[in-house]
Amino acid sequence: MEKKPTVAAISTPLGAGAIGIVRMTGLEAIAICSHVFQGKHRVEEAVSHSLCYGNIVNPDSGEAIDEVLVSVMKSPGTYTREDMVEVNCHGGPVAQQKILALLLDHGAELAPPGEFTRRAFLNGRIDLAQAESVAQIVSAKTDAALKVAMAQLEGSLSAEIKSLRQEILAVLGALEAGLDFSDEDIEDLDREEAGARLSQIKERMDELIESAFTGRILSHGVRTAIVGKPNVGKSSLLNALLMRDRAIVTEIPGTTRDTIEEIINVGGVPLKLIDTAGMAPASDVVEQIGVSRTHQAVSEADLILCLFDGSGREDDRDRALLTSLPPEKTIYVINKCDLFRGRLPLFNQGLLPSPPVIISAFTRQGLRELKEKISHLILGEALCLATSPIVVLERHQRLLASASKCLLKVEQGLRVGLGEEIISEEVRAALAALGEITGEEMMDDLLDVIFREFCVGK
Ligand SMILES: Nc1nc2c(ncn2[C@@H]2O[C@H](COP(=O)(O)OP(=O)(O)OP(=O)(O)O)[C@@H](O)[C@H]2O)c(=O)[nH]1
Ligand SMILES: [Mg+2]
């Protein structure tokens, strides 16, 4: 292992806070700290994973910079697997910066973003997918996103990728052993079995690729378009779900002219609600643009809330709307139930591909049922997070897709009797792609790209 410099960084966000942490990792970490620390106990004599109370003092000027608690953690049982020191100081930016400057003066180098996690990876404590999950944990905006990232840190995705690699390696071994047999019968048998085993492996990879949809909505939110004729209450529904008056509501049809986006939290998953201009023939150019944006919102949506006014009968525009929406990602909602309280809506529910949720954006009746239906439709799979790993990062999805493509070529190649060498080359390419996910196969520039996205001090 190459000898790496000892590096230091401020790990807490800059600004006033109760506590700030200046962190250092590397062979010299404890020695450098001992130059600038004065306390009852000496840091170089501290037992591992203990705290020393004292002051950070500039040894040249004798100036005391801050009263601190220093945690001393000795290799290998640390975040980076190297010796580490964390100076817990007061949370003002000046104290933290002066302490950092002092550590740099005494031999530490400034840590680039993500350096601590990069070392945890390079020193073998975690693999690359686990290291990437650290950034996901830091940026998780909902409970569900945090859970997925935690599962990845604990190694659920890595374990699945490793097991896939091992099985591919076993098949590759068998295939290459097959090369040695001159007896054609044995070779044919091997090829058939190898094909069957590889197609099973490919199926598991495809499942992982499919989980990326769930991963994406967990981290970026579900794009949910509210659509319907003018005046059915789309903006009122947006406001009711947001619990504040965000969009303008009037009795004049065509009030909303541009799309409006807001985020709400449903079952721990962010829902990006998009209020749209009512679907109607446009009378001026602004309305025209508004309606074309509505069509765009529909085509990009993961989920559509299709709204009708239950106090009136359906008309041709409702029918046209119904035929233009994909039923598998649409929830039908009948609004204004306060106007027909206790009676059936005038709107003919038989037209709808699935039973509607009946609500009043005014009285909030039915909103809870609507949220439950949303959770059920889109998050059904996302909520059983514990059972199978979920792919969140685009990088992982791309590598899995390329591995799956290689195996498809292998399956076809085996069937048409393609040469062993070409076949094992494709199998190796699949192995390499999977290995890039966990970092078993990697290039240095890849690491630079990944860790550049991290916070300094992480
Ligand atoms: N009684 C009743 N009126 C409602 C309800 N929801 C909306 N309205 C009224 O219906 C009218 C239209 O509401 P909006 O929310 O502006 O409708 P919209 O679908 O956004 O309309 P456009 O932006 O013009 O397409 C307003 O006068 C609202 O007060 C409801 O649940 N009950
Ligand atoms: Mg509106």
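From the set of residues in the stretch 283-314 that are of a type in the set (A, V, I, L, M) and out of contact with any strand residue (DSSP E or B) (no Cβ under 7 Å at 6 or more places or on another chain), which is farthest from residue 258 (Cα to Cα)?
The selected residue is 285.
Checking the condition assigned to a strand (DSSP E or B), under 30 Å from the mean Cα position of the chain (by Cα), more than 16 Å from ligand 1 (Cβ to nearest atom) and closer than 26 Å to residue 401 by Cα, which residue from 223, 216 passes?
223
Within the stretch 57-69, is there a residue that is within 12 Å of residue 85 (Cβ to Cβ) and in a loop (DSSP other than H, G, I, E, B)?
No, the stretch 57-69 contains no residue that is within 12 Å of residue 85 (Cβ to Cβ) and in a loop (DSSP other than H, G, I, E, B).
For the stretch 122-180, which positions are in the same structural domain as residue 194 (by TED's automatic domain parsing), at pLDDT 85 or above, loosely packed, with under 15 Cβ neighbours inside 10 Å and not in a helix (DSSP H, G or I)?
Residue satisfying the conditions is 154 alone.
Considering every residue within the stretch 242-257, establish whether at least one is within 21 Å of residue 364 (Cβ to Cβ) and not in a loop (DSSP other than H, G, I, E, B). Before you say what the answer is, go through the steps one by one.
Here is the first cut: in the stretch 242-257, the ones within 21 Å of residue 364 (Cβ to Cβ) are 242-251, 255-256.
From what's left, not in a loop (DSSP other than H, G, I, E, B): 242.
Yes, because at least one residue in the stretch 242-257 is within 21 Å of residue 364 (Cβ to Cβ) and not in a loop (DSSP other than H, G, I, E, B).
In the list 209, 289, which residue meets the criterion of being assigned to a helix (DSSP H, G or I) and either within 12 Å of ligand 2 (Cβ to nearest atom) or assigned by TED's automatic domain parsing to the domain that holds residue 326 (or both)?
Just one listed residue meets the conditions, 289.
When you look at residue 402, is it on the phi < 0 side of the Ramachandran plot, among the small types (Gly, Ala, Ser), at pLDDT below 90 and assigned by TED's automatic domain parsing to the domain that holds residue 190, yes or no?
Numbers: on the phi < 0 side of the Ramachandran plot: yes; among the small types (Gly, Ala, Ser): yes; at pLDDT below 90: no; assigned by TED's automatic domain parsing to the domain that holds residue 190: yes.
Judged against the criteria, residue 402 is not a match.
In the stretch 250-286, which residues are surrounded by 16 or more Cβ atoms within 10 Å (Cβ to Cβ) and near ligand 1 (Cβ under 7 Å from one of its atoms)?
254, 255, 256, 275, 277, 278, listed by residue number.
With the checklist (1) modelled with pLDDT of 95 or more; (2) more than 26 Å from residue 18 (Cβ to Cβ) in hand, flag the one item residue 102 doesn't pass.
(2) is the only condition that residue 102 fails.
Of the conditions (1) buried (at least 23 other Cβ atoms within 10 Å of the Cβ); (2) closer than 30 Å to residue 135 by Cβ, residue 410 clears all except one; give me its number.
Only one criterion in (1) buried (at least 23 other Cβ atoms within 10 Å of the Cβ); (2) closer than 30 Å to residue 135 by Cβ is unmet by residue 410, namely (2).
Could you please give the count of residues in the stretch 237-275 that are closer than 30 Å to residue 148 by Cβ, in contact (Cβ under 8 Å) with a residue 40 or more places away in the chain and within 11 Å of ligand 2 (Cβ to nearest atom)?
Qualifying residue count for the region: 2.
Conditions: (1) charged (D, E, K, R); (2) out of contact with any Asp or Glu (no Cβ under 6 Å at 6 or more places or on another chain); (3) modelled with pLDDT of 85 or more; (4) within 11 Å of ligand 2 (Cβ to nearest atom). Residue 234 meets all but one. Number of the miss?
Evaluating residue 234 over (1) charged (D, E, K, R); (2) out of contact with any Asp or Glu (no Cβ under 6 Å at 6 or more places or on another chain); (3) modelled with pLDDT of 85 or more; (4) within 11 Å of ligand 2 (Cβ to nearest atom) leaves (2) as the failure.
The values are calculated or read from the model by the stated rules, or taken from the named source; none is laboratory data. What you see is a predicted model, and the numbers here were worked out from it, not measured in a lab. Because the Cβ atoms are built from the backbone with ideal geometry, glycine has one as well, and the counts that use them run over all protein chains shown.
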